[in-house]
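The values are calculated or read from the model by the stated rules, or taken from the named source; none is laboratory data. It should be emphasised that the depicted structure is a prediction, and the values quoted were computed from it without experimental measurement. Don't worry about glycine lacking a Cβ; one is built from the backbone with ideal geometry, like all the others, and counts go over all protein chains shown.
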């Protein structure tokens with residue numbers, strides 16, 4: 001988020017398109033996970049488009065509430081892990097059986113059982129590191145990235161549902177969903193897309 | 001709507017009925033205040049010992065490892081004992097952070113961060129010993145297979161010592177990454193509450209732009225689960241491989257198939273003792289008694305008891321098999337182990353590791369903090385002796401009586417061990433000052449445990465609102 005411009009809850013809504021670059025958001029701020037989960041489910045069922053939901057900790061059931069799919073990063077782990085196994089076995093074969101075979105205690109140059117421990121370690125190492133690299137890439141996380149919280153306290157004790165104000169956005173409906181789920185604050189924000 | 005329901009059946013995981021904001025303040029407040037006098041005292045003691053250890057290491061590398069008490073019969077003793085000891089300590093951290101996560105043990109959230117930090121520092125201490133043992137540590141990178149102009153000369157992939165290189169490197173790397181990924185949301189919290197520009201810059205840099213987005217949380221949660229899933233078999237593999245350094249040799253007392261599970265159990269046992277030692281001090285000094293509660297201590301004592309009993313069972317099994325195998329060398333090694341010149345080390349080991357944890361059968365003792373602290377120290381000592389016994393008593397009298405020998409450590413070796421404790425405690429003390437020792441983000445996620453039941457009305461309420469929506 002590069003500095004959303006905050007307006008008061010009673011501010012007039014500027015017509016969409018006044019600033020071509022900025023999107024407008026309708027935000028409900030909650031103080032506990034149960035309210036935010038219930039409100040998110042209600043918003044999805046009412047057909048609102050989520051910009052995002054900001055949470056101080058992982059709230060279980062939020063994916064279902066928002067209607068987003070489970071992360072696909074498991075595939076990265078699987079493929080990178082398989083690559084790790086392959087690299088380890090191929091490397092050990094190259095070194096021990098191809099490039100410089102040595103007779104060590106009469107063992108087979110390609111001593112597969114003896115190569116399993118390192119194959120396992122490299123599977124874990126490459127699988128794990130690739131998954132974390134993919135996490136950073138897909139969430140655009142990098143050291144020193146500058147962000148400002150969309151609402152103060154979303155990394156502490158506040159939960160914020162951020163709806164996109166686009167098309168025929170039914171503000172009264174959204175406001176009533178937020179308020180009926182004990183929203184602490186209802187805000188209108190405009191700013192660049194996070 | 002949802003109202004908190006207080007469960008009469010379960011104790012809450014965090015005491016004091018705290019709000020989410022209070023959790024942040026309680027944990028981060030410690031980092032934002034000036035360090036206490038106790039911290040400075042501890043830090044100065046630890047760095048002094050570390051300095052002494054560093055001098056010893058410099059001396060023995062400058063002079064050569066002939067400064068040790070080794071001889072032609074006993075070629076491995078103190079250094080490898082320290083290595084196995086420290087690696088073992090690390091295992092409890094991974095058990096708490098990864099295995100308990102997979103088992104959905106929610107109480108782990110208060111202790112996993114510091115236990116993982118302990119793992120990293122223990123692995124750092126462990127890694128130093130093989131490096132020192134090389135005698136020329138600047139050539140340490142020769143253990144890795146890379147194309148070189150010496151032939152190329154490759155390491156021997158059929159040797160467990162090389163498996164160990166890969167196991168320890170992977171373990172250290174994955175533990176560090178797992179720990180850091182777990183830290184990111186908490187670092188973002190510290191960034192957002194930082195008062196000074198400097199603090200904001202440093203924690204902002206480390207927090208990598210985390211903003212609490214649910215779209216990011218969904219990938220984050222899966223990554224965390226995967227890392228836990230990878231770290232779990234990894235931790236078992238690491239100490240299994242360490243045990244194979246011994247078990248694949250032909251030395252009586254080492255050449256046994258029980259070694260991998262026996263070493264893993266011992267590692268978790270010693271690691272839990274060290275977690276108890278550290279956390280009992282941390283919770284007291286940093287006033288985290290509401291987070292690291294007596295119930296946490298109680299549960300850790302139970303785990304310690306289970307693994308202590310497994311270790312005790314392994315001691316018995318080793319003796320049984322030494323007799324049942326009919327191998328006279330194996331049989332003699334074990335009789336010598338208990339009654340020979342180093343028999344006292346065996347009985348120190350048995351008293352510390354088998355007898356001491358038996359107190360934990362009783363709830364009263366599992367909640368008696370001073371007693372637990374003493375017992376945790378006793379177990380730490382016992383587990384160091386376990387490795388010493390396994391290594392030394394198997395080596396000093398093997399097949400040929402003409403080459404039997406004794407071994408006594410030199411002052412240099414003892415001070416190097418002491419120095420590794422200095423390094424360990426220095427790192428831990430710095431950690432509790434600069435990073436949150438409690439994973440408060442995760443703690444917030446379990447706050448409602450036993451304080452409010454699952455919201456049975458939630459779905460009905462949501463449907464009710466949804467049904468009236470205009471599209």
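When residues in segment A:157-186 are screened for being part of a loop (DSSP other than H, G, I, E, B) and over 13 Å from residue A:39 (Cα atoms), 8 of them pass.
The single condition among (1) buried (at least 16 other Cβ atoms within 10 Å of the Cβ); (2) more than 20 Å from residue A:34 (Cα to Cα); (3) at pLDDT below 85 that residue A:129 does not meet is (3). For segment A:74-85, a residue qualifies if it is within 26 Å of residue B:159 (Cβ to Cβ) and either at the interface with chain B (Cβ under 9 Å from one of its Cβ atoms) or surrounded by fewer than 13 Cβ atoms within 10 Å (Cβ to Cβ) (or both), and exactly one does: A:81. Of all residues in segment A:114-135, those satisfying the criterion of being more than 7 Å from chain B (Cβ to nearest Cβ) and more than 20 Å from residue B:144 (Cα to Cα) are A:130, A:133, A:134. Considering each residue of segment A:137-156 in turn, none proves to be farther than 30 Å from residue A:28 by Cα, facing chain B (nearest Cβ under 7 Å) and assigned to a helix (DSSP H, G or I).
Among the residues of segment A:2-17, are any crowded, with 18+ Cβ neighbours inside 10 Å, modelled with pLDDT of 90 or more and outside any strand (DSSP E or B)? Checking segment A:2-17: not a single residue is crowded, with 18+ Cβ neighbours inside 10 Å, modelled with pLDDT of 90 or more and outside any strand (DSSP E or B). With respect to the conditions (1) crowded, with 19+ Cβ neighbours inside 10 Å; (2) more than 7 Å from chain B (Cβ to nearest Cβ); (3) in contact with a strand residue (DSSP E or B) (Cβ under 8 Å, 6 or more places away or on another chain), residue A:88 falls short on a single one, namely (3). Of everything listed in (1) without any contact (Cβ under 8 Å) to a residue 60 or more places away in the chain; (2) under 30 Å from residue A:158 (Cα atoms); (3) at the interface with another protein chain (Cβ under 10 Å from one of its Cβ atoms), the single unmet condition for residue B:233 is (2).
Residue-wise test of (1) within 20 Å of the chain's Cα centre (by Cα); (2) closer than 25 Å to residue B:11 by Cα.
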{"position": "B:276", "(1), (2)": "yes, yes"}
{"position": "B:286", "(1), (2)": "no, yes"}
{"position": "B:303", "(1), (2)": "yes, yes"}
{"position": "B:311", "(1), (2)": "yes, no"}
{"position": "B:322", "(1), (2)": "no, no"}
{"position": "B:342", "(1), (2)": "no, no"}
{"position": "B:366", "(1), (2)": "no, yes"}
{"position": "B:370", "(1), (2)": "no, yes"}
{"position": "B:381", "(1), (2)": "yes, no"}
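A count restricted to segment A:40-73 and to residues that are under 27 Å from residue B:184 (Cα atoms) and either more than 7 Å from chain B (Cβ to nearest Cβ) or loosely packed, with under 15 Cβ neighbours inside 10 Å (or both) stands at 12. Scanning segment B:177-196 for any residue that is farther than 14 Å from residue A:135 by Cβ, touching a helix residue (DSSP H, G or I) at 6+ places or on another chain (Cβ under 7 Å), part of a helix (DSSP H, G or I) and free of Cβ contacts under 8 Å to residues at least 12 places away in the same chain turns up nothing.
Here B:217, B:138, B:163, B:142 are screened, and the one residue that is at the interface with another protein chain (Cβ under 7 Å from one of its Cβ atoms), modelled with pLDDT of 90 or more, farther than 22 Å from residue A:124 by Cβ and in a helix (DSSP H, G or I) is B:217. Within 15 Å of the chain's Cα centre (by Cα) and farther than 22 Å from residue B:441 by Cα: is that true of residue B:257 in this structure? Spelling it out, it is not the case that residue B:257 is within 15 Å of the chain's Cα centre (by Cα) and farther than 22 Å from residue B:441 by Cα.
What residue, among those in segment A:91-107 that are facing chain B (nearest Cβ under 8 Å) and outside any loop (DSSP other than H, G, I, E, B), is farthest from residue A:44 (Cα to Cα)? Looking at residues that are facing chain B (nearest Cβ under 8 Å) and outside any loop (DSSP other than H, G, I, E, B), I get A:99.
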